[in-house]
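Step one of this worksheet: look at the structure below.
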Amino acid sequence: QVQFVESGGSLVQPGGSLRLSCTASAIVNGFDHYFMGWYRQAPGMLRERVASITGAHSTVYEASARGRFTISRDDAKQTVYLQMNNLKPEDTAVYYCNRVGQENWGQGTQVTVSS
């Protein structure tokens with residue numbers, strides 16, 4: 001199973017924006033068919049999926065992300081993005097991406113929303 005490498009996390013003020021990136025650690029045959037998701041895990045909480053995208057670019061969002069986050073993919077680069085706007089303190093978490101259903105996780109990228 002290929003692992004994914006996340007980047008782009010940072011400290012940002014409430015109302016700010018970030019774009020996270022997630023790239024496969026090796027060349028993946030059939031990546032364009034992968035059902036991919038962005039997840040997050042806050043301290044003391046279970047990991048939750050906040051957005052997903054199919055190979056056909058259909059997207060689904062968790063309720064708190066809808067209208068603020070946008071998931072997209074560039075299959076030529078084997079990369080999935082998460083554009084996050086109007087960030088709130090409750091968005092603070094480690095963000096991960098993975099193929100939906102896959103259980104080997106990368107290191108994630110820390111997003112901290114604080115003034």
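Can you tell me which residue is most open to solvent (accessible area, probe 1.4 Å) among those in segment 34-43 that are modelled with pLDDT of 95 or more and assigned to a loop (DSSP other than H, G, I, E, B)?
Phe35
Name the pairs whose Cβ atoms lie under 8 Å apart, with the first residue in segment 50-74 and hydrophobic (A, V, I, L, M, F, W, C), the second part of a loop (DSSP other than H, G, I, E, B) and open to solvent by 10 Å² or more (accessible area, probe 1.4 Å), and 6 or more positions between them or separate chains?
If the second residue must be part of a loop (DSSP other than H, G, I, E, B) and open to solvent by 10 Å² or more (accessible area, probe 1.4 Å), the pairs left are Val50/Glu62; Val50/Ser64; Ala51/Glu62; Ile53/Phe35; Phe69/Asn85.
Which residue out of Leu46, Leu87, Leu82 is under 10 Å from the mean Cα position of the chain (by Cα) and not small (Gly, Ala, Ser)?
Answer to the check: Leu82.
Take the residues in segment 60-74 that are touching an Asp or Glu at 6+ places or on another chain (Cβ under 9 Å), part of a loop (DSSP other than H, G, I, E, B) and not basic (Lys, Arg), then tell me which one is surrounded by the fewest Cβ atoms within 10 Å (Cβ to Cβ).
Among them, the one singled out is Ser64.
What tally of residues in segment 1-33 results from selecting those that are in contact with a helix residue (DSSP H, G or I) (Cβ under 9 Å, 6 or more places away or on another chain) and assigned to a loop (DSSP other than H, G, I, E, B)?
Counting residues in segment 1-33 that are in contact with a helix residue (DSSP H, G or I) (Cβ under 9 Å, 6 or more places away or on another chain) and assigned to a loop (DSSP other than H, G, I, E, B) gives 2.
Is it fair to say Glu48 is touching a Ser or Thr at 6+ places or on another chain (Cβ under 9 Å), surrounded by 13 or more Cβ atoms within 10 Å (Cβ to Cβ) and acidic (Asp, Glu)?
no
Output yes when any residue across segment 9-20 is in contact with a strand residue (DSSP E or B) (Cβ under 8 Å, 6 or more places away or on another chain), modelled with pLDDT under 95 and not polar (S, T, N, Q), and no when none is.
Checked against the condition, which is being in contact with a strand residue (DSSP E or B) (Cβ under 8 Å, 6 or more places away or on another chain), modelled with pLDDT under 95 and not polar (S, T, N, Q), segment 9-20 yields no hits at all.
Between a residue in segment 88-115 that is more than 25 Å from Phe35 (Cβ to Cβ) and any residue that is hydrophobic (A, V, I, L, M, F, W, C) and open to solvent by 40 Å² or more (accessible area, probe 1.4 Å), which pairs come within a Cβ distance under 7 Å, given they are 6 or more apart or on different chains?
Hits for this filter: Thr112/Leu11; Ser114/Leu11.
Can you tell me how many residues in segment 9-22 are surrounded by fewer than 16 Cβ atoms within 10 Å (Cβ to Cβ) and touching a Ser or Thr at 6+ places or on another chain (Cβ under 7 Å)?
The number of residues fulfilling the criteria is 3.
The values are calculated or read from the model by the stated rules, or taken from the named source; none is laboratory data. Quick caveat, the model's predicted, so the values are computed rather than measured. Ideal geometry is used to build each Cβ from the backbone, glycine not excepted, and the neighbour counts take in all protein chains shown. In case anyone asks, the SASA skips ligands and DNA or RNA and just uses the protein heavy atoms, side chains included. Shrake-Rupley method; radii C 1.70, N 1.55, O 1.52, S 1.80 Å.
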